[in-house]
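Reviewing the structure listed below.
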Amino acid sequence: MVLSECYGFVKYALFCVNIVFSCVGLGAVVIALWMLTEQTFLTSLAEEQHNLNAGFYILFAAGFLMLVVAVLGCCGSSRESRCMLVAFFSCLLVLIVAQIAAGTWLHANSNRLEELVKSNVINTVKNKYGEDSAHTDTVDTFQSELKCCGATGPADWTGSKYATKDPSNPVSLTVSEDANNEYKVPESCCKNRSSSACKADRKIKVAGVVKSTIYSEGCVDKLMDILNNQMDVVIGVISGVGILEFFGLTFSIMMCCTIGSSDRYKA
């Protein structure tokens with residue numbers, strides 16, 4: 001009787017674990033498809049779009065594989081099929097190894113994240129703002145929401161295509177001694193975009209003092225804080241999924257060993 005109750009617990013516990021797997025896998029697939037089809041913050045700032053897309057395709061493949069694993073686990077536990085459970089165990093083991101490899105690579109390259117974000121934001125500020133609507137909208141959004149200006153500060157707009165677009169406001173990087181040299185920052189750098197001072201204070205002298213109406217902080221540090229906070233959430237989710245994957249492996253082995261035992265239904 002005790003063996004029968006334990007078997008029943010393992011069976012339904014494995015089924016519930018795979019329901020969670022199916023939700024996680026579906027979530028990964030949906031996020032990957034959304035990133036691939038929509039212009040988001042990351043995709044709009046990425047210099048190497050093909051590399052970023054490759055990452056999203058990997059995320060899609062991982063989510064799809066987890067869905068397959070969940071189907072095998074649910075069917076194997078409900079039908080008490082040893083063949084399906086063995087397939088579930090094998091696929092889940094492959095998925096765990098792949099996750100460990102990916103986590104190791106991300107940890108080894110985590111120190112490049114800030115450098116990558118900084119270079120992408122500077123490149124967008126210098127060359128993409130005002131030239132491409134997706135990049136322009138993205139920069140305006142995070143400058144307004146994060147209360148910042150440029151990558152490391154307003155001076156990043158010096159020599160940008162946006163700052164030199166107005167022929168009446170030329171900027172020469174080679175004559176920094178000229179106190180009349182000016183550069184222009186976008187409206188999204190203003191603390192109050194509707195104020196009358198915003199338009200006048202947006203024109204800043206090269207190496208001059210930034211007026212108090214303009215955000216003086218750069219956006220990279222604030223962006224990194226957001227990414228690091230999101231990274232903590234991701235690590236928490238991955239850790240939880242890892243624990244469930246361990247239970248999935250354990251429960252599937254227990255069921256495979258128990259299936260076929262004629263005495264498991266005995267009182």
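We did not get these values from a lab; they are worked out from the coordinates using the rules stated. These numbers come from a predicted model, not from an experiment. Cβ sites come from the backbone with ideal geometry, for glycine too, and all protein chains shown count toward neighbours.
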Between residue 15 and residue 257, what length in nm is gained on full extension when 0.36 nm per residue of separation is reduced by their alpha carbon distance? 85.4 nm
Segment residue 230-residue 23, extension gain: residue separation times 0.36 nm, minus the distance between their alpha carbons: 72.6 nm
Per residue Cα convex hull volume for region 190-240, in cubic angstrom? 90 Å³
Given 0.36 nm per residue, what is the gain on full extension from residue 107 to residue 222 after removing their alpha carbon distance, in nm? 39.3 nm
Taking 20 Å as the cut-off for C-alpha to C-alpha distance, list the pairs among 161/222; 147/203; 126/205; 147/199 that go past it. 161/222
Highest first, please rank the peptides 61-70, 235-244, 28-37 by the mean number of other Cβ atoms sitting within 10 Å of their residues. 61-70, 28-37, 235-244
Given points 7 Å out from each Cα along the Cα-Cβ axis, report the residue 31 to residue 203 separation in nanometres with one decimal. 4.7 nm
